[in-house]
Structure formats: structure tokens, C-alpha cells
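**Student:** Could you have a look at this structure, given as C-alpha cells, before my questions?
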Amino acid sequence: MKPFRADLHIHTLLSPCGSLEMSPREIIARAKSRGLDMIAVADHNSTYHCELTVTLGRETGLTVLRAAEVTSAEEVHSLVILPDEASTLSFQAWIDSHCTNMPHNPDIFGDQVVIDRDENIIREIDHFLPAALNASIDEVESAAHSHGGLFIPAHIDRPAMGILGQLGFIPGDLFIDAVEVVGRIADLLFPVIRNSDAHVPEHIGRRYTEYMLESASFAELAKALRGEAGRFIIPQP
């Protein structure tokens, strides 16, 4: 086993808050230049750029995990990281079934475009992707795990859109695989990880977590979060 450096919260240009420079190809190039071994693309309530980024990563030797940053009805952001293409397609269908279809104004919020490997626009999303789903945080957690995924409340130490800022507490009945923090939080009962939440290329890898793994993969990451079979999150200074 050896250390692997991972940034598991990166937005593509599909997220309206993401720079149009954040194409899957640019993300891969920046991640490799920053010495990352594994990344996850996690657009708001969307997995539409996952497969392209996985493919481009595979071609260049970078492991890319499929993910989404899901907004619950309470406006809590959580990362859902998924194990494979089939589960990702199924989870996207679940997201779509709970979408509130708030109209999107690109002049105010930014473009929401899906591109192909040659960076041609192939689709524009006309509902506002970050809008809260009509599903509670409990339902998001349940859906994540029923699809074989990992459920990670995002940036919990931010005043807005984190579970502590929105709810004031972490519900005891949630099955949480880890929590993501921006700064440093001690004495939590959950595994703690840090990611960049990058929306522009220069932020990729600005925060990351190192894991002791056999290889860079979803299965190995899951073991590290559970502290199984000698895999673990490497403590941060």
C-alpha cells in the first residue's frame, strides 16, 4: 500500500457557478499537474459529465470517480460518490425524479452546458441545477446508499449550504461515510476529509486528502473511510 492524493469535489463547466474553462479535459490536465492521483467531478445535482471525465482520466492515467453535489430540500449540500456507470445513471434518474425544475437564467447565474470530448456543446440544461430537490437530507442519504454510493455532507464548516449551518446539528440517524471540511475541525465522530470544491482551474487541488490504499479506486476509498484492511485516511498536519 502507498499514499494516494485525492480531490473529490470538483465542478465542471456544467455547474452554473463553474468557469467555462472547467472542461473535463482541462480538469484532468490541471489535476495531473498538481500531483493528484484521484479526483471526483461533482456538479450540482448532475452527473452528466462523469463518463466523459472518467474516460479522459483513464486515457491519461488519472482515476476519476463519479459524483454529484446534491442539494436536499433543507438546502444542505452533500457529496454522493458512486461506484460505476450503471449506479450513476440510476442515481441521476433519482435526482431527475426529485427535481423542482426551477427555471434557469444563464445571464444571471451562468451557463449550464454539457460538452463532448472535442469540447462541442451538445446540450444545455434549462432548469437551475443547484436548486433544492424535493427530497430531504434523509432521503438523499438513503438514495446514495441504495445505489451503492458514499454519502458525505459537504463543507460542513461553512455558514451556508453545509449541514451545520442549515440544520444546526448533524442528525443522529444519518449513515454518514465521512464529512467534508474546509478548515480544521476536531473531535468529530466521523471520518474527516478535505477537497477543493474547485470552480476554476487554479483551485483544483488547493485542498486534498491523502489516503493509504492499494490502488486509486472507489472500492479502496470506501475501505479507507471505514478504516478496513489497513486502508485509512492519512492524518493531516
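**Student:** What is the one condition in (1) closer than 16 Å to R5 by Cβ; (2) within 14 Å of the chain's Cα centre (by Cα) that V181 does not satisfy?
**Tutor:** All conditions pass for V181, except number (1).
**Student:** Next question, about the same structure. I'd like to know if the range 101-124 contains one or more residues that are touching a residue at least 60 places away in the same chain (Cβ under 8 Å), surrounded by fewer than 21 Cβ atoms within 10 Å (Cβ to Cβ) and touching a His at 6+ places or on another chain (Cβ under 7 Å).
**Tutor:** yes
**Student:** What are the residue pairs meeting all of these: first residue in the range 39-51, first residue at positive phi and in contact (Cβ under 8 Å) with a residue 40 or more places away in the chain, second residue in a strand (DSSP E or B) and of a type in the set (A, V, I, L, M), Cβ atoms under 9 Å, and 6 or more apart or on different chains?
**Tutor:** N45/A68; N45/V70
**Student:** Restricting to the range 52-100, what's the tally of residues that are over 21 Å from S146 (Cα atoms) and crowded, with 18+ Cβ neighbours inside 10 Å?
**Tutor:** 8
**Student:** Here is a further query. With the condition kept exactly as written, say whether any residue in the range 10-28 is of a type outside the set (A, V, I, L, M, F, W, C), closer than 17 Å to E180 by Cα, surrounded by 21 or more Cβ atoms within 10 Å (Cβ to Cβ) and touching a residue at least 12 places away in the same chain (Cβ under 8 Å).
**Tutor:** yes
Yes or no, residue by residue, for (1) of a type in the set (V, I, T); (2) at negative phi; (3) assigned to a loop (DSSP other than H, G, I, E, B):
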position	(1), (2), (3)
R158	no, yes, yes
G165	no, yes, no
I185	yes, yes, yes
L189	no, yes, yes
S215	no, yes, yes
L221	no, yes, no
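**Student:** In addition: Test each condition in (1) under 26 Å from L89 (Cβ atoms); (2) aromatic (F, W, Y); (3) within 15 Å of the chain's Cα centre (by Cα) for Y208 and report the one that comes out false.
**Tutor:** Of the numbered conditions (1) under 26 Å from L89 (Cβ atoms); (2) aromatic (F, W, Y); (3) within 15 Å of the chain's Cα centre (by Cα), the odd one out for Y208 is (1).
**Student:** Working carefully through the options V182, V140, V192, find the one that is surrounded by 15 or more Cβ atoms within 10 Å (Cβ to Cβ) and under 22 Å from R66 (Cβ atoms).
**Tutor:** Result: V140 is the single residue among V182, V140, V192 that is surrounded by 15 or more Cβ atoms within 10 Å (Cβ to Cβ) and under 22 Å from R66 (Cβ atoms).
**Student:** Confirm whether I233 is over 25 Å from R30 (Cβ atoms), surrounded by 13 or more Cβ atoms within 10 Å (Cβ to Cβ), within 20 Å of the chain's Cα centre (by Cα) and not charged (D, E, K, R).
**Tutor:** No; evaluated as a whole, the condition is false for this residue.
**Student:** Residue under question is E139, and the condition is that it be out of contact with any strand residue (DSSP E or B) (no Cβ under 9 Å at 6 or more places or on another chain), within 16 Å of I81 (Cα to Cα) and at pLDDT 90 or above; does it hold?
**Tutor:** When the stated conditions are applied, E139 passes them.
**Student:** Next up: Scan the range 197-213 residue by residue and report those that are surrounded by fewer than 21 Cβ atoms within 10 Å (Cβ to Cβ) and either hydrophobic (A, V, I, L, M, F, W, C) or assigned to a helix (DSSP H, G or I) (or both).
**Tutor:** V200, P201, E202, H203, M212
**Student:** Still on this model: If S217 passes every condition in (1) among the hydroxyl-bearing types (S, T, Y); (2) crowded, with 21+ Cβ neighbours inside 10 Å; (3) in contact with a Ser or Thr (Cβ under 7 Å, 6 or more places away or on another chain) but one, which one does it miss?
**Tutor:** (2)
**Student:** Do you know which residues across the range 173-183 are in a loop (DSSP other than H, G, I, E, B) and at pLDDT 90 or above?
**Tutor:** Correct list: D173, L174, F175, I176, D177, A178, V181, V182.
The values are calculated or read from the model by the stated rules, or taken from the named source; none is laboratory data. This structure is a prediction, so every number in the text was calculated from the model and none was measured. Virtual Cβ from ideal backbone geometry, glycine too; neighbours counted across all protein chains shown.
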